[in-house]
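What follows is one structure encoded as structure tokens, with my remarks underneath.
The values are calculated or read from the model by the stated rules, or taken from the named source; none is laboratory data. Quantities reported herein were computed from a predicted structural model and do not represent experimental measurements. We place every Cβ from the backbone using ideal geometry, glycine too, and count neighbours over all the protein chains shown.
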Amino acid sequence: MKKVMNILNPDINTYRRPKQKRGILKFESLLDTAEQLIEASGIEKLSLYDVAEVAKVTSGSVYHFFPNIDSLLIALAERHLSEFEHFAEPKNPDEIKEWKDLWLCLSAQARHYYNHNYVPAMLLLGPGATWTIRKVDADGNRRIAKAIAKQMKSFFHMPDYLDMEEHLLRAITISDALWRYSYREHGEITESFWKDSVIASTAYLECFYAPMMPVKSK
């Protein structure tokens, strides 16, 4: 059994991630139940007791994995952040002609995921975004930046930029700030805020990347 803990407060933010198939299935089932309860009643009313009741397991089974609500929410946040790593791959690669096309495409895919999935939006953009979850989010964004850098290098003949992943991470952070503002004001990432986030993050990246780079042959 692997213990996953946040460095800011290991005693509070520890949850157990199982390695055996049976434990993994139960772990994921409890996360599914928690998502259903959040969608129905919001984060504020979520309790481990309710998760156990709806999942039809004992409270001890829930506490075995999650000692408190914070640890369960962290596990949910990490689950959705892993989904964002998949968005580093564009759905329509033939439409990518320059790096800004790739950045625009990936941003649009991430926005769509947020706007169509209530739980990650609440956890990462909304009132569920506690300081600890923000730290988890930052760690996830670093992995996403690494995945995007890999995609850029697969599409284009790029110079060996120093700190490429760090630049992409900061561009993601710029977008996230505007998306949180939009979610707080409108309950979604609006078209206007999304366009502003693309403009701002692209302008930042243009400080480091040439406008046009040779496309690699398929």
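Structure data summary
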{"read-out": "Residue in segment 55-77 that is closer than 28 Å to L205 by Cα and either in contact with a Phe, Trp or Tyr (Cβ under 9 Å, 6 or more places away or on another chain) or of a type in the set (A, V, I, L, M, F, W, C) (or both) present", "value": "yes"}
{"read-out": "Number of the exception - Y161 against (1) surrounded by 14 or more Cβ atoms within 10 Å (Cβ to Cβ); (2) in a helix (DSSP H, G or I)", "value": "(2)"}
{"read-out": "Qualifying residue in segment 176-188 (condition: surrounded by fewer than 17 Cβ atoms within 10 Å (Cβ to Cβ) and outside any helix (DSSP H, G or I))", "value": "yes"}
{"read-out": "Qualifying residues in segment 119-140 (those that are in contact with a Gly (Cβ under 9 Å, 6 or more places away or on another chain) and in a helix (DSSP H, G or I)) - the one surrounded by the most Cβ atoms within 10 Å (Cβ to Cβ)", "value": "L124"}
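Residue-by-condition table, conditions (1) touching a strand residue (DSSP E or B) at 6+ places or on another chain (Cβ under 7 Å); (2) basic (K, R); (3) surrounded by fewer than 20 Cβ atoms within 10 Å (Cβ to Cβ); (4) in the same structural domain as R111 (by TED's automatic domain parsing):
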{"residue": "A40", "(1), (2), (3), (4)": "no, no, yes, no"}
{"residue": "A52", "(1), (2), (3), (4)": "no, no, yes, no"}
{"residue": "A55", "(1), (2), (3), (4)": "no, no, yes, no"}
{"residue": "T58", "(1), (2), (3), (4)": "no, no, yes, no"}
{"residue": "S61", "(1), (2), (3), (4)": "no, no, yes, no"}
{"residue": "S82", "(1), (2), (3), (4)": "no, no, yes, yes"}
{"residue": "A88", "(1), (2), (3), (4)": "no, no, no, yes"}
